[in-house]
Amino acid sequence: MAAAAAARGALAGILRRWAPRALPLGGPSARCFGHGPAPTPAPLWTPRLLGENRPRAGTPSVLSSVTPLLPSLLQPARTLTYCSLRKGKRKSVKSVVKRFLRLHNGLWVRRKSGYKKKLWKKSAARKKRLRELVLCTRTQCKLLDKMTTSFWKRRTWYVDDPYQKYHDRTNLRV
């Protein structure tokens, strides 16, 4: 009898060291030997509602000041976010420079999406439609202007430019 009690005490000490919250304070005796119903262990974490843990009256909580901002923070937005480390100057987003072309009138031109993907399963007419160029909308043009520096907005002259007739447009509001 004394040996069993000593074994139970040693076992309880070992188990408390490995999982201190998993066992109740009485030890594993009730579960191991079946002397009555097993006690329920204490929960490791209890969920709380946002309004439960309020500070005293008169002091605004941090959560209440941040919650109105959360919907605007969760919206995806991509603008010019790159700055140089040495002088802090704005830097262009390289993917914009590679994928888009800026015309001299301020419009941006892009290819249709998927014009290089899975061409083996597309018909010739569909491949021809995908090779066409598309003008960006006004909001897209503004966003792309923010994502590039003035170097990419200056006027450039090329010999036999295929886009020459598109650079200067009359009666066009951007």
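Structure notes:
- Scanning the stretch 114-164 for residues that are in contact (Cβ under 8 Å) with a residue 12 or more places away in the chain and not in a helix (DSSP H, G or I) yields a total of 14.
- Tally, over the stretch 95-123, of residues that are exposed (fewer than 11 other Cβ atoms within 10 Å of the Cβ) and among the small types (Gly, Ala, Ser): 3
- Taking the stretch 124-155 as the range and being loosely packed, with under 10 Cβ neighbours inside 10 Å and more than 16 Å from Val93 (Cα to Cα) as the test, the residues that pass are Ala124, Ala125, Glu132, Thr139, Arg154, Arg155.
Laboratory data are not the source of any read-out in this text; all were calculated from the coordinates shown. All figures in this text were calculated on a predicted structure; none of them were measured in a lab. Methodologically, a virtual Cβ is constructed for each residue, glycine included, from the backbone with ideal geometry; neighbour enumeration extends over all protein chains shown.
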